[in-house]
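Here is the structure we will look at, set down as structure tokens.
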Amino acid sequence: MENVAEKKYLKKKDYITFSMARFAASAVSGLAQGYLLIFYTAVLGVKPVSVGIMFLISKIFDGVDDPIMGSFIDKTRTRWGKLRPYLIFGAIPFGIITILLFLPINSFGSELKLVYMYVTYLLYGFVGSIVGVPLDGLPAVASPNNDERTKLISISRVVGSIGEQSALVLYSLFAIFMNMKYSYMTMGIIIGLIAPVFMLMGAFSIKERIKPTLDTTKLLDGFKYLFQNKQFGIMIISNLLTFFRNLVSASIIYVVSYIYGNGSLNIAFALPGAVAAMLGMLFAPKLKKKMDAKQLFIFSTIFHSLALLLVFIVGYKVPWIVTSALMFLAMLPVGILNVVPHLMAMDTLDYWEDKTGRRQEGVTFSIISLRGKVSSALKDFVLASFLTYFMFSTPLTTINDHSPWQLEFTQSGIFMLFTIIPAVLNLASIIPMFFYKLSGNRMLDIQKRLQTKRESDSENLLEKLEENSPEVFGSSQEICVDSESSDL
């Protein structure tokens, strides 16, 4: 019998097409998170505080969708698998909603604008859960080979990081010859049309080779798990507080538009930061050999805050290229911080298996997805609130449809949102880590016990194979779905 851990299941096209699906999802996410707030405030003329409240209410309501969606997925049984149907049938609605988000509804009254914003944004979150949770879960069932799963996740995340910057590239191009209102609408149309195509290519190409277990998850299991696995809960709280660092990327468009007076400089600030973050992701595995996940998280957070403090001290009255270069340094640890939560999640899964004998990957990653949505809502709410406090407004005189003529108090406030405010507040994410116990020798002991248990289980399986090979072969065939039967 060939060892499933050594057998290769994935082909080159699987890595390519799944990464394209991840690119599409990340492109939509990058567009919405990076430009929706300024579209609502600067184009539609809605007050920042109203937008912030809408983001907070909508995202918290929407964030509950993920654990519920995870429960529905675990109960799904089709000839195509339990994940792919949601991605296939949700891809086109996801693209349509993306386009609707950025329609310039300036002719609507103020109340009708808010109604439209709430409806489309709630639909964006709901449909995003329908395609997002299955997309996150597909690597876990695409192959029984752990090395292939790891490779699939790694490649798709790098490509996804590129997808997040696609809106930045488009905006920088359109800002040269197109006014702000139509540049956002055009970005929404382009990404909204491409995203479903890429998602469908990934969904039709990848196969679910691991059959679901007979047990099904109850609807409230996801919420219970958050409180039962205390180490996982601590990790979630800590990572929830990291939303403060997202103020940096969210403030870039305001810095280049209202301090340096040129919206097309957005790419000159954001792209080096994205490259730095990707380099950080590449360095993370090497640093992980020197320190555990907890130490790596604390080190990277402090490094990021100190680098932002340096940018703040230098100030914004220097040439923009100086600020951009310093931000490259500040964004290096962000790539590491994007990887560490997944390392910690794996540790909490091992801890829970060692404690209870159960692994709950689906619940774990659906709650991590929920955390991401709540963090995004908090980031938008805090940003909108600070913009209101710093008296941000959209004056009549504009350059590239962005006015550089804000009050000096407002410009200083925007730069603080870009630097010192996230530098200080992001340190709060370290506090829960003092209660996080899965590090050092304890984690090594857990992994040793699990390894011993798994080796014992393997020996028992071999003994059973010798006694009754037909029975074992029958059960092993239930683990992997035949490639032909999983095709559409």
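A few remarks follow.
- Condition met for Phe303 (at pLDDT 85 or above, surrounded by 15 or more Cβ atoms within 10 Å (Cβ to Cβ) and within 28 Å of Gly440 (Cβ to Cβ)): yes
- Helices (runs of 4 or more DSSP H) lying entirely in the range 20-110 (those with 1 or more residues that are among the polar types (S, T, N, Q), within 19 Å of the chain's Cα centre (by Cα) and crowded, with 20+ Cβ neighbours inside 10 Å): 48-63, 84-101
- Some residue of the range 156-170 being out of contact with any Gly (no Cβ under 6 Å at 6 or more places or on another chain) and without any contact (Cβ under 8 Å) to a residue 40 or more places away in the chain: yes
- Check on Gly263, over 19 Å from the mean Cα position of the chain (by Cα) and at positive phi: no
- Spans of helices (runs of 4 or more DSSP H) in the range 158-247 with at least 2 residues farther than 23 Å from Leu271 by Cβ and at pLDDT 85 or above: 180-205, 230-240
The values are calculated or read from the model by the stated rules, or taken from the named source; none is laboratory data. None of the values given here were measured: they were computed from a predicted structure. Neighbour counts are summed over all protein chains in view; Cβ atoms, including those assigned to glycine, are modelled from backbone coordinates with ideal geometry.
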